[in-house]
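Worksheet for the structure shown next.
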C-alpha cells in the first residue's frame, strides 16, 4: 500500500528507531485496511539480519509513512533475476511501503522512495523489486514512480464447498475450511472458478547511477 503521487510539506524522513515499532505497526495496518491487502496484518515489524534501509515519515513524532528495503550483498541472494539481463547486479526488495490514510496525497510515499534510492545507490544497489496486489491506484503509483511490471501470478482464496473441491488431502480427518493458494498459470477458466482472486504483480525500478 503506498501514498498517491502529490506534493506537500509538513513531514520529515528519518531512520526507523526501535521506539517507532508501535507506530509503525499501526500505520501499516491502517494503510492496508481499505486495500486488497487488508488481510495482510503484521503484529510486529520485520527485522533483518543483513543490511536494510528502514525509514519512516513523521510530522510531530507520529509515524505516518514507512519503507523497508532489504538489500543484497551478493546478486540473487534476496531478489528475483532482473527482467533485463543488462541490469544485473545488486538489488533491494521492498518488503513494506505504506502511508497512513489521513496523510495520503502529500508526497510522503514518493519522498520515502527517493530517500531510500539515495541510500541504496551508496551500496551500489541497481534495482528495487516490489510485489503488490491489484489495487488500481497502487499500480498507478508504482508506474508513476518509474516502476515496470515484469511478472505476475495469482493469489486465490478458496472458501466455498465448490472451491474447496479443487483441494485434495491425504490426511485422514483433515477437512479444509478455507485455503490461500498461489496459481502460477493464467487460465481464465481456472481463475474464474474462485470468487476471490488477486493478480500479484512484481514491479522493478532501475536506479540511475
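Among the residues of segment 51-63, the ones that are in contact with a strand residue (DSSP E or B) (Cβ under 7 Å, 6 or more places away or on another chain), farther than 11 Å from residue 20 by Cβ and assigned to a loop (DSSP other than H, G, I, E, B) come to 1 in all.
Would you check which residues across segment 81-107 are in a loop (DSSP other than H, G, I, E, B) and more than 21 Å from residue 127 (Cβ to Cβ) and list them? Within segment 81-107, 100, 104, 105, 106, 107 qualify. Out of 36, 57, 29, 91, one residue alone is in contact (Cβ under 8 Å) with a residue 24 or more places away in the chain and under 25 Å from residue 180 (Cα atoms). It is 36. Among the residues of this structure, residue 112 does not count as one that is assigned to a strand (DSSP E or B) and either surrounded by 19 or more Cβ atoms within 10 Å (Cβ to Cβ) or out of contact with any strand residue (DSSP E or B) (no Cβ under 7 Å at 6 or more places or on another chain) (or both).
Please work out if residue 26 is assigned to a helix (DSSP H, G or I) and surrounded by fewer than 20 Cβ atoms within 10 Å (Cβ to Cβ). Considered against the rule, which asks whether it is assigned to a helix (DSSP H, G or I) and surrounded by fewer than 20 Cβ atoms within 10 Å (Cβ to Cβ), residue 26 comes out as yes. Restricting 78, 69 to those that are in the same structural domain as residue 17 (by TED's automatic domain parsing), modelled with pLDDT of 95 or more, assigned to a strand (DSSP E or B) and within 23 Å of residue 149 (Cβ to Cβ) reduces the list to 69. Scanning segment 133-160 for residues that are touching a helix residue (DSSP H, G or I) at 6+ places or on another chain (Cβ under 8 Å) and assigned to a loop (DSSP other than H, G, I, E, B) yields a single hit, 145.
Any residue that is out of contact with any strand residue (DSSP E or B) (no Cβ under 8 Å at 6 or more places or on another chain) and at negative phi - is there at least one of those in segment 148-161?
Within segment 148-161, the subset out of contact with any strand residue (DSSP E or B) (no Cβ under 8 Å at 6 or more places or on another chain) is 160-161.
Remaining after also requiring at negative phi: 160-161.
Yes - at least one qualifying residue is present in segment 148-161.
Matching residues to (1) outside the structural domain of residue 91 (by TED's automatic domain parsing); (2) closer than 23 Å to residue 83 by Cα; (3) at pLDDT below 90:
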site	(1), (2), (3)
127	no, yes, no
132	no, yes, no
138	no, yes, no
145	no, yes, no
164	yes, no, yes
170	yes, no, yes
177	yes, no, yes
182	yes, yes, yes
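The values are calculated or read from the model by the stated rules, or taken from the named source; none is laboratory data. Everything numeric in this text was worked out from a predicted model, so none of it was measured. Quick reminder, even Gly has a Cβ in these numbers, built from the backbone with ideal geometry, and neighbours come from all protein chains shown.
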